[in-house]
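S.K.: Below is one structure. I have some questions about it.
Nothing in this text is a laboratory measurement; each read-out follows from the coordinates by a stated rule. No experiment lies behind these values; they were computed from the predicted model shown.
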């Protein structure tokens with residue numbers, strides 16, 4: 001899943017975790033992060049099967065692709081600059097569909 005990709009000495013863990021968190025906070029669109037977190041939580045709580053998770057991931061991917069933030073992410077990467085996200089989780093959140 002890419003969540004655990006290395007082992008570090010105990011004294012290095014917090015510093016590395018903060019680097020990863022900063023990268024996510026800057027380079028991942030807030031709506032994409034929120035949808036991913038909700039899907040992970042729902043998967044644990046509701047006990048979705050791998051097929052249900054894959055179907056929901058596809059649906060959520062379709063929800064955000066083509067959005068202003070999807071275009072902004074690509075543009076920022078190509079232009080080697082920090083992205084300027086425009087979607088607001090608090091204003092534009094739509095609940096995840098039920099399986």
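S.K.: Have a look at 22, 80, 63 and tell me which one the Gaussian network model of the chain (Cα, springs below 10 Å) gives the largest fluctuation.
M.R.: Comparing 22, 80, 63 in a Gaussian network model of the chain, the most mobile one is 80.
S.K.: What number, in percent, do you get for the relative contact order of the chain if the mean sequence gap of Cα pairs under 8 Å and at least 6 apart is divided by its residue count?
M.R.: 35
S.K.: If you don't mind, another one. Under 10 Å, Cα contacts only: if you run a Gaussian network model on the chain, which one of 74, 13, 89 comes out with the highest mean-square fluctuation?
M.R.: Of 74, 13, 89, the Gaussian network model singles out 13 as fluctuating most.
S.K.: Let me ask you something else. Between (1) 36; (2) 40; (3) 54, which entry matches percent of Cα pairs over 19 Å apart as derived from the coordinates of this structure?
M.R.: Entry (3).
S.K.: So, one more: Using helices alone, what [θ] at 222 nm do you get for the chain, with -39,500 (n - 2.57) per DSSP H run of 4 or more residues, divided over all residues and rounded to the nearest 500? Intermediate values should be presented prior to the final figure.
M.R.: On the way: 5 runs with 65 residues, N = 99.
My calculation for the chain gives -21000 deg cm²/dmol from helical runs alone.
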